[in-house]
Structure formats: structure tokens, C-alpha cells
Amino acid sequence: MKTKQLRLPIETLSSSVPIRSDMQTLFFTLVSLLLVFLFLSNVHAQVYTQTGLPEGAKHRIGKGRLHGGIAFSPDGTRIAVASSIGVWMYNAHTGAELALFTGHTESVLSVAFSPDGKIVASGAGRKWNWWREDSEIRLWDADTGAHIATLTRPPEIALTLPEIGQLEVWELVFSPDGKTLASASGEGAVRLWDIETGQYRTIAEGPFIPSVAFSPDGKTLVGGGWDYKIQLWDVATGQHQATLEGHMDRVHSVAFSPDGKTLVSGGWDKTVLLWDIDSRSVRDVLTGHTSIVLSVAFSPDGETFASAGHDQKIRLWEADTGKLRATLWKHTDSVDVIAFSPDGTTLASTSYDDETIRLWKVDTGEQQMTITGHWRLGHAAFSPDNRTIAVEHEPNEIWLWDVVKDQKLATLTGHTRRITALAFSPNGSTLASGSTDTTVRLWDVATGKLRVTLGEHADRVTAIAFSPDGKTLATGGNRNTQIYLWNTENGTRRLTLDAHTIGISLAFSPDNQTLGAGGSDGNIRLWDVNTGQLQTTIYEEGGSIQDVTFSPDGKTLASINGHGVYLWDANTGQHRTTLWGRTGNYAMLAFSADGASVAVPRIGEGIYVWDVHAEKLHTTLEGPTSETVALAF
């Protein structure tokens, strides 16, 4: 087996990889659920598309989703930003992309600069999702992007957790002397890491603490928790010092004043509290936010502090009086994290939901710049010639994107709820889209106009497949046991098939005669497309089937579940072999044009390419592909 050491970012669109020495080079293309595209107004497009590309990758379209973490370098010249594909480094004055640090196999959630500016720390995981392969902390050379060290917990810790996926690193902060790194993780632990040795001490285990901060003298660590309380610990001993109670709901963010005498906190009760550290009491309760306060920060001179949250607003307050100085309102959705520049003249903010990074002048409240390109896009489909890609863009839009020219061709609107399935017709002239609004819409790709709407579905449409001749469209729903076959010319329904299960995936045989459907009951059913008669039922052990596809010659049917890839004789339904390897969530399959290889995303590890004839793993394209939604040779 040959393994190519490719660090393939999730949003890398295309790479030219020689998969077999005795066959022509296959152009292997993938798009993930996390795929994001660069908006054309970004003047740094040509720089960003080549930044941080792994070996073998040709081009990047997109910069990954924002995940809140943002930090200024101590000299104020750079901004580190956490994204779904790594840590982006931006020029703080121009917004230009300087570098991309990759290596995590999950989204980066938190970033921090060491006080001397030489090290960047990043923490990974995926908020709110059940599967985590990477919850480690990485240390990088801030100038070169070289990986210095990885800070991890012993494997037995993960085994003691009640659920998989509670170790995501939500917050990182360096001590003032740079010798210690504090981390807050999803399982409720607060740890202090020795930067030199990589050893750690756990000083808290319990209710989730999403935010921690060192006092300016480095002697105290404070953490705000979802138990409505704020905890203080002695850094030297790890001993608990005090508990501050005042919030009426979850505490989400805490920050010390530069002199260490005041603590500011914000939480789900929509309030900002100022605390006197000496007396351990609330000094002031500030109101004005109309929703959850997600982030608070003090200016370096201590005269101003800022708060931001779900109400889309950033508020600047006078530290002495608690008087509101200004309200900054340009974000169009929740503001996740805010950070002051070292000289206090600039405030940076990020929003996962409006997909922007914004920089503000603190003295005037004016917005200096907006950094875009961190789009959140979902389901995707490639055109047959791989020159166009259709992508779901929230809330209900579909983007058609020219892959070669790197530009948006059209925005398709009409669905009233989220898009859940996309497929191009074999000649590329029509795009079919399914939605939770229970409709399927057929679009003219050339004009971007709606051709016809197919109703009558009882539930969301999550599976769509065109017949190879383009004359028939099969549709199915996530909770609907029926499969509909439609005439694509006039939009009339030809047949209704009872799949007897939910969670359906669909595929036509190359000769247009057979429809294969995999379901959550572990069965694959093969129907005669002309008569609607059930021909064969194949049972696959191992649970729900996530995808099915026919080989180009129609002789082999491939299916996938959470455990492996199964190859079946398409005529008899007999099991040929199983290609083992956990695939995880959002799994799918793709055959090469000659049918000699099948590609499969493996959660947290990249793309596995199997030799079908030899029945063994041939090549691994490594990278964070845990949520791949489109895959094509």
C-alpha cells in the first residue's frame, strides 16, 4: 500500500494525484459540507487561493468557516483566526492573507499568541457535533507556521467520558510570562499546560467552562461556567480560591482589567457584570443587550471594555462609570468573539453566522474593514464536466460557481426552507434541488431560472438521482418511505415505489434499467425502472446505509455504512467483498471512470482510494474531511 502524505484541507477543491502508475492521472475532486467560497470583491483572491496548499493540491476555493477564535499578535501587526480548515493569519492593517497553519483534522475553535509573539496555540474540535477525532492543542511558530508541538491528554481520559466528543478545546490563553497555557474543554475541564514540557494539571472538572482568563500578575485564573458561577483558582497550587455568584444564567465570557482589580463577565442573562476582585462582589450590572452576551474584553489601557453577543451589537463601555460609550452595529448576525489590538486603537470581531471578520476604530466606532471569504455552505454537487459546482448557501439559496474562473455564476432562489439535496442532469443542463420544504425544483443551469417544481412529497427530500439518459429523476425523503420517479421533461410522476424504510440513498444503473436504494434498515433494494417491480433485496450487516452507487460498467454495486465499503454483484446481489475502515458520518462513494478505484471519505483522516480488483487500500489523501458532501473523479 502506498500512502501519499497530503494535508488536504476540507475546502481544497481539486488536486491532481497519480492514483495508479499504470493508468492515466485521475483528477480527484471533492467538496465538503464545510466548503466555503471567496467572494469576488476580496482583492486578495489570487493570494488566498494558493495560501497553505498541500502537496498535490491545485487550487483552493474558500477559507473555511469561522469558529470564533481570534487574537492579535503582541506587536499588533497580525491577526490569528480560527477556522474549519486551520489557523488563518491576516495582516491587521490590510486584511491580506499571510499564512494558513494546517494540521488539525477537526475545526480550529480557539487561538492564542504567546506574550512574546513567537508561538501561536490552537485548539480543535467541533462545537455541538457528536463525533470528534481531534481535540488536541497545537503549538506553531508564529513566523514560519512550523508545527512545534502537540499537547494531548492520555487516551484513557477519552474512554472515561460518558459520550464521545466532549473534548473540544473552546478557549486558550497564555499566562503573562508565557510559560503556561490554560485551556477550557467541552467536558468541563480546565487545564494548565507547561509549554516547555507539555505536561498538564487539571484544576477543574465539572460544569462546562467556556471562558478562562489569567490575572495580569499571572497568579490567578478565572473561569466563567454554565452553572451560572465564576470560579477563581491559584495558578501555582491549582487550589480553588473563590466562587463569584451574580449571573442569573450561564456565564459565557470573562476578562480581567489590566490592573487586575476588576473583572468583567457576560452571559446568557443578557447582562454584563463588573466585579471588584478584592471584595469578590458585583460592582455594577450593565444592561442593554437584548440577547446572550458571548464575549467581553478590556482595552489595554483599562479605560474601555467591550461586550458583544447574539443581538448583533458590540457595545463599548466606560470602565470607571459603566456608561455606554458607543454601539457598533454592522454585523448582520451574532457576534461571537471580540479582541482589542495591543495599542487599543482597533477592535476585531468575528461572526460565524454572518461569515465575516470586522475591524473597528475604537475612538470613533467606525468600521475599518471587513474580511470575507469564510462562507458557510452545505450540500454540493458537481456538474458532469466538473467545471461548475452547485452549493447550498444558507438560508435557502443555491450558488452556481464556475470552478475554472473561480466566480459565482448565479444565485438560485425559490425554496422556502433549507436545501437538503442537489444533483446535475447527465448533460449538465439541469440542476435538481430537494428541500425541507418538501419540494424538488428543476433549474435551467444556463439561465439560472426555475423550470418546474415537483411537489407531493410527504417530508423533506434528501435523496435525488438522475437516470444516465436524463429522462427520469428519482427522489426520496429522509423520513418518507416512498420513492418517486419523475419524467424530467414535463415534471409528471411516473411511478411510486415503497422502500419500506427511511433514510434513503439512490443510484441508477448505467443502462437506465435499475434503481438501487439503500436505507436505514440495512437493506439495498433494486427496482426495475420501467415496471416498478422489486427485483432484488440485499441485506447489509452493520446498520444504516449511507450511500450506494453502481460501477461504470454496471456489474458492481457499492454501498457504505459506518464500518466499511461493501461490493456486491449487481446482477445476483451476491456479496463480493468488504473494504474495511470506519467511515463515520456523511459518508459517500465515488467510482473512477474505469471502475478500477473507489474513493471514500474517512472521518478525520481524509479520502481512502481502494483498488477494486485487488480489493485493498491503494492511496490515502490525508486531510480533515469529516463532513464531505460531494465527491467525484
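The values are calculated or read from the model by the stated rules, or taken from the named source; none is laboratory data. Bear in mind the structure is a predicted one, so any value in this text is a computation, not a measurement. Here the Cβ positions follow ideal geometry from the backbone for every residue, glycine too, while neighbour counts run over all protein chains shown. Surface areas here come from the heavy atoms of the whole protein model, side chains and all, with no ligands, DNA or RNA. Shrake-Rupley method; radii C 1.70, N 1.55, O 1.52, S 1.80 Å.
Quick notes
- Estimated dipole of the range 299-398 in Debye, rounded to 20 [Cβ of Lys and Arg +1, of Asp and Glu -1, Cα centre]: 120 debye
- Within the accessible area of the range 182-223 (1.4 Å probe), percent carbon and sulfur: 43 percent
- Taking a sphere under 12 Å around the Cβ of Ile195 and counting the other residues whose Cβ falls inside, with K and R at +1 and D and E at -1, yields a net charge of -2.
- Net charge of the neighbourhood of Gln367, taken over other residues with C-beta under 10 Å away and scored Lys/Arg +1, Asp/Glu -1, is +2.
- Solvent-accessible area assigned to carbon and sulfur over the range 392-464 amounts to 45 percent, based on a 1.4 Å probe.
- Amide H contacts for Val173 (H built 1.01 Å from N in the peptide plane; partners 5 or more residues away or on another chain; cut-off under 5 Å): Ala182.
- Under the combined filter of DSSP loop state and at most 11 neighbouring Cβ atoms within 10 Å, the range 374-433 retains these trypsin sites (Lys or Arg not before Pro): Lys405.
- Fraction of accessible area attributable to carbon and sulfur, the range 253-315 (%, probe 1.4 Å): 45 percent
- Positive contributions from Lys and Arg (+1) and negative ones from Asp and Glu (-1), summed over other residues with Cβ under 13 Å from the Cβ of Thr77, come out at -2.
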